[in-house]
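Bear in mind these aren't lab numbers, they're just calculated from the coordinates by the rules spelled out. These figures come from a predicted structure and were not determined experimentally. Every residue, glycine as well, gets a Cβ built from its backbone with ideal geometry; the counts of neighbours run over all protein chains shown.
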Amino acid sequence: MNTPLLQLTGITKTLKGQTAPRDILTGVDLAVHSGESVAILGRSGSGKSTLLSLIGLFDRPDGGEYLLGGRDITRLPERKAAALRSAEFGFVFQRFFLLKHLTAAQNVAMALVNGQGWLGGRRRRATVMAALEQVGIAHLAKHRPPRLSGGEQQRVAIARALVREPRILLADEPTGALDTETGQLVIEALRSATDRGCGLILVTHDRDHADRMGRVLQLVDGVLAPAGARVGA
Amino acid sequence: MALSGRFRSSLVIGLQGIRARKMRTLLSMVSLFLGVLAVVVVQAGAELAAAAALADVELREGKDGTVQMFVPSEGAAGTIAMDTLKGRKDAVGVISTGAIIGEPGVTPINPHAAPFDGRGRGPDSDYYCDSSGYCFPGRDPKLAATSPGQAIELGLSGMTGDVRQFRPYRPVSGQWLDFDSAPSLSPRLVLNKEAAKGFGRYRVPAEMRIEGAPVNPTPRIIGVVDDGDEQPRAYVRADELLTWMPTTVANQRNGGLQVLLAPTATEIEQILKSRLVANGVAADHMESRVINSKEQIASQLALMRWVFLGMAGLVLLIGVAGILNVGLATVGERVEEFALRRAVGTPRSLLAGIVLAETLLTGLLTSAAAIGFGVLGLKVLGSVLAGRGPFPQQLDFPWQAGVAGVVAGLIAGLLGGLIPAIRAARVPIATVMRA
């Protein structure tokens, strides 16, 4: 089999809050291949978002190994992590995090800013419009977020995640703030990214949405296991 | 992939931020405005003061570096000096005397070469001075013996060469003295502006009575210069002046001869001193000094400028505190935006650059407003005060004040934006995951 896009082995993370430290991840193993979609289910506080933040290089694991395309990135310095986030990952969050003072196109273009600066004007516009078209809202390019519906806003956020043509798309409860019908459309938009070889990791509470992914995993007691299976079995 | 630089990205995103928060930007500008304006005003005032103080100092005193030497009126010292300096381009001897042009035997319109607009010493003054500059109490007995008439009294400077290399008189009209042609029996005069004012205002006969000269020549006025002197004065070739009076008389009447030498003319200075000493002039009677008036005045003005700039800097600091306050509040409100930007790959340094770009642009906008206000204020001030007292006729906004305003705005933007920029760069990305 090909080298996985990303591979986590024995990942651990302890959260140090005001109370006693809590082992949130105790040994996560995960491999995601190109074009594969993975859903991660779990109760609130089970560590889904923590896991996603480790995969997205927002944070570092306390232990274990993280390979991206076969390259060990477990202890990557922040500057290189930022460059990787920009080049390899796309993020979709539960709250859309669109800047109200920017148009839909400008919000998407935000993801094109990286360590080197910005794409040139004409190329930037073309890239942004292509991403908006991909999620079917190119006609809303000049609209600002307050004038868009919840579903439209989330699709702008998806376009922002896809604009750099990432190898891995991370979605953290992307339908949490949407009605069922709009949620379906958003899941479909995310899934379509895998058709172009992008790996998708979806964190969700919704079993229906999870079932539309290629694989469904459950995070229980700090480890990942196939949904429905007993941990340790 | 064609990528533009971080700098441009920071500016573009910073501008977007400013447009999104117009009221905040306005508040920052208001807090900064007085400080930047204070810097602009101090710099403009200092430049105008320097221009007024330094404009004429070279005309009156001479360029910095010029060596000024006084040859005493002992024996044949004057004749020796004139002979030594003859034909030299790097040294000029200046004989000063007085002259009255106009009707003979009358009290001049401006006794003692006083300015024509009421300043200086008139015929009713309670003291009088002779042509050597010595003043005495009481009314001038010479004036008491004559009746008022159409004559103008002025100072007369006879020169062995072109003095403008040392004192750069500004041409006003006509021409300057020609030192290469043969001397004329009719002395050619170049008037200063005050003397030209007198000749423009009064019609006087062309007869010149030179102090100490036995015969009155008929002068020819060939030009007007601005020499920075408030008293009427005329410049003449020394040889044309000495056609009508002996050197010894000219030398004795005015306490000696003034010699101006280029900084490189050390040889002629030594020759002149040696010849004078050889002819019995005491070496310690020959004073010489290097002119540095402009430098002295400039250093005094610079001191004043720094004192006032220091005060303006304090006002600017208050503005910086304002911009810092608004900046910190804004960063607090934009935590999610910065976390999101970091999440999509914007590096910390670029985030800090975006915040700094906003405060720097705010500083620049404030500078533009303060400079505009300064230009307008100076125009209004100019229309009210120009020509009065120490104010020059034309008050142009000095470009240095504009530069100072821009620098002040940028510094304030930098100082006020630094801490918010660091805070923005440290916003944890996890903020977007936990929201």
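Here is how the numbers come out for the structure above:
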{"read-out": "All lysines inside 27 Å of B:LYS63 as judged from Cα atoms, apart from same-chain residues fewer than 8 positions distant", "value": "B:LYS86, B:LYS89, B:LYS193, B:LYS197, B:LYS273, B:LYS294"}
{"read-out": "CD proxy at 222 nm, helix term only [per DSSP H run n ≥ 4: -39500 (n - 2.57); per residue of chain A; nearest 500]", "value": "-9000 deg cm²/dmol"}
{"read-out": "Electrostatic dipole magnitude of the protein assembly as shown [Cβ: Lys, Arg +1; Asp, Glu -1; Cα centre; debye, to 20]", "value": "2780 debye"}
{"read-out": "Farthest positive-ward along the protein assembly as shown dipole, Cα basis, beta-carbon charges - from A:ALA105, B:PRO263, B:ASN216", "value": "A:ALA105"}
{"read-out": "Largest-first principal axis extents of the Cα set of chain B (Å)", "value": "107, 48, 42"}
{"read-out": "Helix A:121-134 axis, angle to chain A major axis (alpha carbon atoms, nearest 10°)", "value": "70 degrees"}
{"read-out": "Per-pair calculated FRET efficiency, R0 = 56 Å: B:ASP284 and B:MET311 via Cβ, rounded to 0.05", "value": "0.75"}
{"read-out": "Helix B:399-425 axis, angle to chain B major axis (alpha carbon atoms, nearest 10°)", "value": "20 degrees"}
{"read-out": "Highest-first arrangement of B:52-60, B:76-84, where packing means the average Cβ count within 10 Å", "value": "B:76-84, B:52-60"}
{"read-out": "Average beta-carbon neighbours from other chains, 10 Å sphere, peptide B:13-23", "value": "2"}
{"read-out": "Per-residue mean of C-beta atoms belonging to partner chains within 10 Å, peptide A:95-101", "value": "5"}
{"read-out": "Length-normalised contact order for region A:54-128 - Cα pairs under 8 Å, 6+ apart - percent", "value": "22 percent"}
{"read-out": "The protein assembly as shown - Rg over Rh from alpha carbon coordinates, Kirkwood radius", "value": "1.33"}
{"read-out": "D_trans [Stokes-Einstein, Kirkwood Rh over alpha-carbon pairs] for region B:295-429, 37 °C, 0.692 mPa s, µm² s⁻¹", "value": "190 µm²/s"}
{"read-out": "Förster-model FRET efficiency, 51 Å R0, B:LYS86 and B:TRP399, C-beta, rounded to 0.05", "value": "0.65"}
{"read-out": "Cβ-placed point charges (K, R +1; D, E -1), dipole of region A:86-202 about Cα centre in debye, nearest 20", "value": "660 debye"}
{"read-out": "Label-to-label distance, nm, for residues given as B:SER181 and A:THR14 (7 Å Cα→Cβ offset)", "value": "10.5 nm"}
{"read-out": "Shape call, region B:195-329: gyration tensor on alpha carbons, a/c limit 1.5", "value": "oblate"}
{"read-out": "Protection proxy ranking of A:92-101, A:36-45 - average other beta-carbon atoms within 10 Å, highest first", "value": "A:92-101, A:36-45"}
{"read-out": "Peptide-level mean, for A:81-91, of C-beta atoms on other protein chains within 10 Å", "value": "4"}
{"read-out": "Nearest 10 degrees, 0 to 90: helix B:6-20 Cα axis against chain B principal axis", "value": "80 degrees"}
{"read-out": "Leading residue at positive end of dipole, chain B (Cβ point charges), from B:VAL42, B:THR107, B:SER299", "value": "B:VAL42"}
{"read-out": "Region B:1-76: C-alpha gyration tensor shape, a/c 1.5 cut-off, then a/b vs b/c", "value": "oblate"}
{"read-out": "Calculated FRET value between B:LEU364 and B:ASP56, using beta carbons and R₀ = 25 Å, to 0.05", "value": "0.10"}
{"read-out": "For A:THR180, net neighbour charge (Lys/Arg +1, Asp/Glu -1) across residues whose Cβ lies under 11 Å away", "value": "-4"}
{"read-out": "Helical contribution to [θ] at 222 nm, DSSP H n ≥ 4, -39,500 (n - 2.57), averaged over chain B, rounded to 500", "value": "-16500 deg cm²/dmol"}
{"read-out": "Square roots of five times the Cα gyration tensor eigenvalues for region A:11-79, Å", "value": "21, 16, 10"}
{"read-out": "Fully extended contour minus Cα-Cα distance, from B:GLN296 to B:ALA321, at 0.36 nm per residue", "value": "5.2 nm"}
{"read-out": "Charge dipole (chain B, unit charges on Cβ, about Cα centre) - positive-most of B:ILE429, B:GLY155, B:VAL92", "value": "B:ILE429"}
